[in-house]
Amino acid sequence: MATKGIVTGIVSNLVTVQVDGPVAENELCFINLAGTDLMAETIKVTGNKASVQVFESTRGLKNGDSVEFLGKMLQATLGPGLLSSVYDGLQNDLTTMEGVFLKRGEYTDPLNHEKLWDFTPLAKAGDKVVAADWLGEVKEGWLPHKIMVPFSFKGEYTVKSVIEAGSYNIDTVIAVLVNEDGEDVNVTMTQKWPVKVAVKGYRNKPRPQKIMETGVRVIDTFDPIAEGGTGFIPGPFGCGKTVLQHAIAKQGEADVIVMAACGERANEVVEIFSEFPQLIDPHTGRYLMERTTIICNTSNMPVAAREASVYTAMTICEYYRAMGLRCMLLADSTSRWAQALREMSNRMEELPGADAFPVDLSAIISNFYSRAGMVELNNGKTGAVTFIGTVSPAGGNLKEPVTESTKKAARCFYALEQSRADQKRYPAVNPIESYSKYLEYPEIIEFLDNKIEKGWVEKVFKAKNYVRRGKEMADQINILGDDGVPMSYHESFWKSELIDFAFLQQDAFDAIDAVTPMERQKFMLDLILDICGRQFKFEDYEKCRAYFKQMINLMRQMNYSEWQSEKFNGYLKQLEQLLSENGK
Amino acid sequence: MANKAYQRTYTQLQAITKATISLNAKGVANDELATVDGKLAQIVKTKGDLVTLQVFSGTEGVPTNAEVKFLGNPPTLKVSDQLSGRFFNAYGQPIDGGPEVEGEEREIGGPSVNPYKRRQPSQLIPTGIAGIDLNNTLVSGQKIPFFADPDQPYNKVMADVALRADVDKIILGGMGLSNDDYLFFKNEFEAAGALDKIVCFINTTEEPPVERLLIPDMALTAAEYYAVDKNEKVLVLLTDMTLYADALCIVSNRMDQIPSKDSMPGSLYSDLAKIYEKAVQLPDGGSITIIAVTTLNDGDITHAIPDNTGYITEGQLFLRADSDSGKVIVDPFRSLSRLKQLVQGKKTREDHSQVMNAGVRLYADAQNAKTKLENGFDLSEYDLRCLDYAKDYATRLLSIDVNIKIDEMLDTAWELFAKYFSPAETGIKQVLIDKYWKA
């Protein structure tokens, strides 16, 4: 018997329901508003009163309206066809909805039930299997999409039969398993999983071993993120958070990208699904959209579904990770999700923590970040979920609860800076404040030694030190004046400017400069370190400035030119010519 | 807001604050309207039978035995072509002496556009102001506020932009507008002979602050009528959103909600987003573009209102009095149009984005030189060139009284580059230097 209830109180999207039976925390219910079912989630129970957050507008709702509880938590539907989809936070397919406006109570199916998939069996009768083991695969675009023993299956099963290779829709029973009690259980190509629970079904979770390339120089070289790693990008508005995140999404070395637009601008999502279908993935040569799922709950969509959207996105990533794929989750922005939590906590009249956020904010954030990571599957293969979230700190002040909580949870920190953005030095990542903990991992150092060259990480730290030194010199010059400091101060300062302009700054809107492969990054860094290692002779600081500006200009032209093309080499020659006139 | 046949009347209030009243009532719906002692009110909270309403015009003189009538529907606006050229108050009632509008009655603050049904904004909105067109190009379907101190001429600039923009309808939502400013807009629109394409919803400072909460939804409901039903290009002007947020603050405070930053309600971001996200490029050609004003307190953009606004809108425009040129300029450092790259170099000349960046970068060098000068240091020859450039750049391009075509702006910028700098100092791509450099 399903629990039923009636509405007894309404404040915006927080509704109090008097219930006649058991209710679970996070249990879903439908509130009947004049024939339209509004989905809601239980967030608190006191006696026979349940507080539920409604995923829709509550306009017109009345006390006394009936409520039906569903006996389950919010679940994601998993199966072939998730890629290239555009979902809202509750995984409704936005592309199949009618009309220009979102209709309240309109829920659409996440997956296409008619489409046929070419199935190949991987398991055979008699095999012993557990949850997340592979039974077969279909081709989703160019990706091998594994059909797995559903994550919710407990204990060991024996495969009784697997359907032969052929074209089937997702509802076809592709395997029959026998459980420990000797009962037959059917498996189709889809399964459901509660989004707030982490998907397990792997053998262990080792430390990250590899770097995930993004083509963004300031990340890949200066503060690389690991495959299966976590990072966050805080920054005031207008500093290029979204541009940077889109660049990572376009160029990131991953098989599957899930973008969660959480409480952000709708036009940014429009940009993704109007551009991605035309853009080519630099790693595979396929269309970007083929490897991308978009979850969008923009700022004007119901607040409660914002929180759900990041969990839905993470669950989809974990699903693909279990297939041995490398996934990346980009969430923009986790602050909006935290604000959604604040709005609800506020309406429930809970005692507030710092800045009126709920007191368990930090725990919620670190719990979410911990779902990322590299895993070793039961069959020995590996998969990874790399997670990068943006944070929108109120007033651009990094001493606020969301930034501070995230800093504790994430391993890479890309600090976007207002003053860099004001000077149009994009990406506005502050090279001194930002860090990647992965540069300290022995596994990662070894990986970079093998992949790029022995001693690469030392080189990176050397370059960082030039930048830091240049900053100190700039401060001295500002205090003492151009004439008040020795020439070596000017030289140090301009060396750091060279690194900034010719390496750290990158034009995300230029077809060539936007993506820099690691080989090219190494070439440029070597070139720059060579220049920085030289001693120059200048008559005065004016000459020093002019000389470095010339070098900067040549190297920027190189960045805009095709790698090792005639033009590129031409500028390189000019640079060498310039260097031969001065500097040893 | 005519009387309905079905009406429930109550006469016993349980609580009264300056902005809200509470009473016991049954069978009422969330967001429903009511009249309290003849004043319009809306349900904001129910708890058991206790219903709380916000009274738009304030509760002055409302007695505990006031007559409360529930109207059975949320706030609505009657939409039709008769809206054109008319002036209304926050309730959508005419204030220009004209007749009531006949048309379809629509709930205001309606649902959001399905993001998948949106189109990417791609049409340039030229304004003639180089500080906007050159450095912060506007695109139809965009939402962007002016961040301005109260003493700056933001209403004048906004009116200029509106009248020069190539749009089918201009809808003005005035919140806490001084009577003088209201008349300014009215005269400005009349003088331009543009009255027939204008619809105004006005709440002046003489009227109660809580009424303002209705203005943006009224204006945007009218905008959606023209953009969705008629496929027109609509420009919505909202001034001043800071006063709107102040009204939100009053109501949440009276409802004993826990305030977050700067005593604003915790839901401020969502409340503002609901308004600004109505800006849209629709698939059938219609569009809604929103230009708003958020007044600042002494240039402080870290206050919750501008801060949340900045995270929602697609950029912001800063006005600043510039001492070099003696003019009000569009500040090139703090201003930003996030959608500019959708049109720059695509709907404008190929050199647009590089010229813009070089112009601003050199202007930044001039600011550094200025700081040096202020600190009593000697200026280099380059610094001096930068300072001269800055003055010319501010006068001929950044000033808000500039009114030229975009190609002329680009040519002017090239002319200034050649006058003060070498090609290498601009850092512009060589192919563009070869083509456009004015030797």
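The values are calculated or read from the model by the stated rules, or taken from the named source; none is laboratory data. This is a predicted model, so every value here is computed, not measured. With ideal geometry, Cβ positions are generated from the backbone for all residues, glycine too; neighbour counts draw on all protein chains shown.
Pairs meeting the criteria (first residue in the stretch A:54-69 and facing chain B (nearest Cβ under 7 Å), second residue of a type in the set (S, T, N, Q), beta carbons under 7 Å, at least 6 apart or on different chains) are A:THR58/A:SER12; A:THR58/A:ASN13; A:THR58/B:ASN30; A:ARG59/B:ASN30; A:GLY60/B:ASN30; A:LEU61/B:ASN30; A:ASN63/A:THR8; A:ASN63/B:THR46. Would you pick out the residues in the stretch B:293-307 that are facing chain A (nearest Cβ under 8 Å) and either aromatic (Phe, Trp, Tyr) or buried (at least 23 other Cβ atoms within 10 Å of the Cβ) (or both)? The one that is facing chain A (nearest Cβ under 8 Å) and either aromatic (Phe, Trp, Tyr) or buried (at least 23 other Cβ atoms within 10 Å of the Cβ) (or both): B:ASP307. When B:ASP365, B:ASP324, B:ASP351 are checked against the criterion of being surrounded by fewer than 24 Cβ atoms within 10 Å (Cβ to Cβ), touching a Leu at 6+ places or on another chain (Cβ under 6 Å) and among the charged types (D, E, K, R), a single residue qualifies: B:ASP351. Against the list (1) touching a residue at least 12 places away in the same chain (Cβ under 8 Å); (2) in contact with a strand residue (DSSP E or B) (Cβ under 7 Å, 6 or more places away or on another chain), the condition B:PRO63 fails is (2). For the stretch A:416-444, enumerate the residues that are in a helix (DSSP H, G or I) and surrounded by fewer than 19 Cβ atoms within 10 Å (Cβ to Cβ). Selection gives A:GLN418, A:SER419, A:LYS437, A:GLU440, A:PRO442, A:GLU443.
Sort out which residues of the stretch A:394-415 are surrounded by fewer than 24 Cβ atoms within 10 Å (Cβ to Cβ) and not charged (D, E, K, R), and write them in order of number.
Answer for the stretch A:394-415, where residues must be surrounded by fewer than 24 Cβ atoms within 10 Å (Cβ to Cβ) and not charged (D, E, K, R): A:ALA394, A:GLY395, A:GLY396, A:ASN397, A:LEU398, A:PRO401, A:THR403, A:SER405, A:ALA409, A:CYS412, A:PHE413, A:ALA415.
For the stretch A:263-321, filtered to residues that are modelled with pLDDT of 90 or more and among the acidic types (Asp, Glu), the residue that is nearest to A:GLY252 (Cα to Cα) is A:GLU290. The helices (runs of 4 or more DSSP H) falling completely within the stretch A:306-415 that include 2 or more residues that are more than 14 Å from chain B (Cβ to nearest Cβ) map to A:361-369, A:401-409.
Taking the options B:ASP240, B:ASP271, B:ASP229, name whichever one is over 23 Å from B:VAL161 (Cβ atoms) and within 15 Å of the chain's Cα centre (by Cα).
Working: B:ASP240 fails: over 23 Å from B:VAL161 (Cβ atoms); B:ASP229 fails: within 15 Å of the chain's Cα centre (by Cα).
Only one candidate qualifies: B:ASP271.
Pairs meeting the criteria (first residue in the stretch A:351-378 and surrounded by 17 or more Cβ atoms within 10 Å (Cβ to Cβ), second residue among the acidic types (Asp, Glu) and modelled with pLDDT under 90, beta carbons under 7 Å, at least 6 apart or on different chains) are A:PRO358/A:GLU350. Looking across the stretch A:242-278, the residues that are away from chain B (no Cβ under 14 Å), outside any helix (DSSP H, G or I) and touching a helix residue (DSSP H, G or I) at 6+ places or on another chain (Cβ under 7 Å) come down to A:ASP255, A:VAL256, A:ILE257, A:VAL258. Per the conditions (1) part of a loop (DSSP other than H, G, I, E, B); (2) touching a Lys or Arg at 6+ places or on another chain (Cβ under 7 Å); (3) of a type outside the set (A, V, I, L, M), the sole criterion not satisfied by A:GLU68 is (1). Tell me, please, whether a residue that is free of Cβ contacts under 8 Å to residues at least 24 places away in the same chain and small (Gly, Ala, Ser) can be found in the stretch A:403-419. Yes, the stretch A:403-419 has at least one match.
Here the condition is being basic (Lys, Arg) and either buried (at least 19 other Cβ atoms within 10 Å of the Cβ) or in a strand (DSSP E or B) (or both); of A:LYS464, A:LYS471, it holds for A:LYS464 alone.
The numbered conditions (1) of a type in the set (S, T, N, Q); (2) in contact with a Lys or Arg (Cβ under 9 Å, 6 or more places away or on another chain); (3) more than 14 Å from chain B (Cβ to nearest Cβ) are all true for A:ASN13 except (3). If you go through the stretch B:230-252 and keep only what is touching a residue at least 40 places away in the same chain (Cβ under 8 Å), within 14 Å of chain A (Cβ to nearest Cβ) and assigned to a helix (DSSP H, G or I), you end up with just B:VAL251. Given the structure, is B:PRO265 under 16 Å from A:ALA394 (Cα atoms) and surrounded by fewer than 20 Cβ atoms within 10 Å (Cβ to Cβ)? No: the conditions fail for B:PRO265.
Take the residues in the stretch B:100-124 that are part of a strand (DSSP E or B) and among the hydrophobic types (A, V, I, L, M, F, W, C), then tell me which one is farthest from the other protein chains (Cβ to nearest Cβ). Steps first, please.
Just the residues of the stretch B:100-124 that are part of a strand (DSSP E or B), to begin with: B:104-107, B:113, B:124.
Those left that are additionally among the hydrophobic types (A, V, I, L, M, F, W, C): B:113, B:124.
Details: B:VAL113: 6, B:LEU124: 15 Å.
Once the filter is applied, the top-ranked residue is B:LEU124.
Taken over the stretch A:535-546, the residue count meeting the criterion of being more than 11 Å from every other protein chain (Cβ to nearest Cβ) and either in contact (Cβ under 8 Å) with a residue 24 or more places away in the chain or surrounded by 15 or more Cβ atoms within 10 Å (Cβ to Cβ) (or both) is 4.
Among the residues of the stretch B:79-94, which ones are part of a strand (DSSP E or B) and over 17 Å from B:LYS169 (Cα atoms)? Step through it out loud before you land on a result.
Step one: of the stretch B:79-94, the residues part of a strand (DSSP E or B) are B:79, B:86-88, B:94.
Across the stretch B:79-94, the qualifying residue is only B:PRO94.
Scanning the stretch B:279-300 for residues that are in a loop (DSSP other than H, G, I, E, B) and in contact with a strand residue (DSSP E or B) (Cβ under 6 Å, 6 or more places away or on another chain) turns up B:ALA279, B:LEU296. The set of residues from the stretch B:192-245 being more than 24 Å from B:LEU33 (Cβ to Cβ), small (Gly, Ala, Ser) and at pLDDT 95 or above comprises just one member, B:ALA227. Residues in the stretch B:312-362 that are among the small types (Gly, Ala, Ser), touching a strand residue (DSSP E or B) at 6+ places or on another chain (Cβ under 7 Å) and farther than 29 Å from B:LEU373 by Cβ: B:GLY315, B:SER337.
For the stretch A:8-25, the set of residues classified as without any contact (Cβ under 8 Å) to a residue 60 or more places away in the chain and under 14 Å from B:VAL51 (Cβ atoms) consists of A:THR8, A:GLY9, A:ILE10, A:THR16, listed by residue number.
The condition (being more than 30 Å from A:SER85 (Cβ to Cβ), in contact (Cβ under 8 Å) with a residue 40 or more places away in the chain and either in contact with a Ser or Thr (Cβ under 8 Å, 6 or more places away or on another chain) or away from chain A (no Cβ under 14 Å) (or both)) is satisfied by just one residue among B:ALA194, B:ALA130: B:ALA130.
Is there a residue being free of Cβ contacts under 8 Å to residues at least 12 places away in the same chain and not in a loop (DSSP other than H, G, I, E, B) anywhere in the stretch A:37-50? First the steps, then the outcome.
Within the stretch A:37-50, the first condition is being free of Cβ contacts under 8 Å to residues at least 12 places away in the same chain, and the residues that meet it are A:46-47.
The next check asks that each one be not in a loop (DSSP other than H, G, I, E, B); those that pass are A:46.
Yes: one or more hits.
You will find that of A:GLN521, A:GLN577, the residue that is in a helix (DSSP H, G or I) and crowded, with 16+ Cβ neighbours inside 10 Å is A:GLN521 and no other. Every condition in (1) within 12 Å of chain A (Cβ to nearest Cβ); (2) part of a strand (DSSP E or B); (3) at pLDDT below 95 holds for B:ILE144 except the one numbered (3).
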